[in-house]
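Heads up, the thing below is written out as structure tokens.
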Amino acid sequence: MDIDSLLQPFQHFGVHLGLERIVKLLANLGNPHDQVPVVHVAGTNGKGSVCAYLSSILTKAGYRTGRYTSPHLVDWTERICFNEQPISSEEFCQLLLQVKAAITPGESPTQFEVITAAAWLYFAQQKVDVAVVEVGLGGRLDATNVCSNPLVTIITSISREHWQVLGSTVAEIAREKAGILKPGCPAVVGPLPKEAEEVVLTRALELQCPVIAPQPSRQIASGWAEYQTIYHSKLIKYPLPLQGQIQLTNSALANRAIEILQAQGWQISEEAIIQGMANTKWLGRMQWTTWKNHKLLLDGAHNPAAAQVLRDYVDTLNIKSVSWVMGMLSTKEHGEIFKVLLRPNDQLYLVPVPDHSSANPGELAELAQSICPELSFCHTYPELLSALSAAFASRDNLVILCGSLYLVGHFLGSTEVRVDYS
């Protein structure tokens, strides 16, 4: 029995937000989530890298640290980590069997709920000191939102994504994200659009949550940043291995959460912060790698805000034109993403996203050419590797693979690559 076959029966339930099923399932398992101190992280973009920073720092500080994130890029085991190491396939399968045995007859939990229950069970069994838990979708009705008294909550960013489920406006989406706030629990909040900020601050006031909105850290050299602590007014200089200007904000959010934990009595030294930051890895997000001796940049860029982060980073490289190898899910805002990324003389190589609800590459090509008629090349390919081969053969351009984390995961899972963080 493998992980795929154990999870497959739950796949057809799709996305079905709500807490009733997960609460019942966890009760049948002995409420393992009540045994786990939690840092809860929501946001449209940035939550994964914030979780990665926090998990790395807390592990380096000597705490038994769990981390739960989604989606995975290559393997299901990436979602559940203990002290920065993914759970083994064997352990994951045993947990899933325990969870399946606890499902009340006639109940139909979703796949995400089953995996989330397995994560809580694993963290309780491992007796973790703390778990860093990323929201799957939204916040208020997300299966992770069963922790009644988190140590700290974090909302990294809010923009219009998953609007089909969360609401058509940024304010409506903000209400869902603000659902992770709990009475009296400190909340670290990143830069938000005005309408989202109003919603979050109003909810925080209702719950009497102290809200901390840190300024971004300051870049002091390539790959280095400086953070101003709030409690001791001290400057901490630390390595910043993840790429992009947005990591000055994300790392500041993580640092501010660490300060809150320190104020609560957690023993986290400056050395642990520096080493934890230096050791942070978050694959598939602004990641440099090589493919057939060619340098390649990978990024999800799966919504307009994430695309803007990638575009801002590319602009710092002073590249004249880019070869974009892209595939997108059918549910994404394709036109908005193209508007952000594409420039005259760029080349576009479009592919389907395997094994998911993919946008049609031919329709994407028509849309891209209507948005940026000055593209020097726009063509569709039946699969990813032929598109990459064509992109690297055409000219000596920067090649970027983006548009979907699932596409990036497909690449990483099917190809020998060498990670290069330089």
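The values are calculated or read from the model by the stated rules, or taken from the named source; none is laboratory data. Computed from a predicted model, the values in this text were never measured in an experiment. We place every Cβ from the backbone using ideal geometry, glycine too, and count neighbours over all the protein chains shown.
So the values come out like this:
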item	result
Test: L6 is touching a residue at least 24 places away in the same chain (Cβ under 8 Å), touching a His at 6+ places or on another chain (Cβ under 7 Å), part of a helix (DSSP H, G or I) and buried (at least 19 other Cβ atoms within 10 Å of the Cβ)	no
Whichever residue in region 388-408 is among the polar types (S, T, N, Q) and in a helix (DSSP H, G or I) and, among such residues, is nearest to K295 (Cα to Cα)	S389
Selection count, region 308-322, where residues are touching a helix residue (DSSP H, G or I) at 6+ places or on another chain (Cβ under 6 Å) and either over 13 Å from R343 (Cβ atoms) or surrounded by 24 or more Cβ atoms within 10 Å (Cβ to Cβ) (or both)	2
Sole residue being at pLDDT 95 or above and over 15 Å from L297 (Cβ atoms), chosen from H410, H379, H356	H379
Members of region 242-265 found to be touching a helix residue (DSSP H, G or I) at 6+ places or on another chain (Cβ under 8 Å) and surrounded by fewer than 17 Cβ atoms within 10 Å (Cβ to Cβ), listed by number	Q245
Selected residue (criterion: nearest to N45 (Cα to Cα)) from residues of region 303-334 that are part of a helix (DSSP H, G or I) and of a type in the set (D, E)	D312
So L261, is it farther than 30 Å from V408 by Cβ, in contact with a Leu (Cβ under 7 Å, 6 or more places away or on another chain) and not assigned by TED's automatic domain parsing to the domain that holds Y313	yes
Candidate set: region 101-158, residues that are part of a loop (DSSP other than H, G, I, E, B) and charged (D, E, K, R); chosen: the one nearest to the chain's Cα centre (by Cα)	D142
Given (1) of a type in the set (S, T, Y); (2) part of a strand (DSSP E or B); (3) not assigned by TED's automatic domain parsing to the domain that holds L181, number of the condition Y238 does not satisfy	(3)
Qualifying residue in region 288-297 (condition: without any contact (Cβ under 8 Å) to a residue 12 or more places away in the chain, closer than 30 Å to V322 by Cβ and not in a helix (DSSP H, G or I))	yes
Residue within region 241-251 that is aliphatic (A, V, I, L, M), under 21 Å from A42 (Cβ atoms), part of a helix (DSSP H, G or I) and touching a strand residue (DSSP E or B) at 6+ places or on another chain (Cβ under 7 Å) present	yes
Subset tally (residues that are assigned to a loop (DSSP other than H, G, I, E, B) and either more than 19 Å from A117 (Cβ to Cβ) or among the aromatic types (F, W, Y) (or both)) for region 56-74	6
Selected residue (criterion: surrounded by the most Cβ atoms within 10 Å (Cβ to Cβ)) from residues of region 190-215 that are assigned to a loop (DSSP other than H, G, I, E, B) and in contact with a Gly (Cβ under 9 Å, 6 or more places away or on another chain)	G190
Candidates M326, M277 - the one that is in contact (Cβ under 8 Å) with a residue 60 or more places away in the chain, crowded, with 23+ Cβ neighbours inside 10 Å and either among the charged types (D, E, K, R) or within 30 Å of P150 (Cα to Cα) (or both)	M277
Y53 vs. criteria of a type in the set (S, T, Y), modelled with pLDDT of 95 or more and not in a helix (DSSP H, G or I)	no
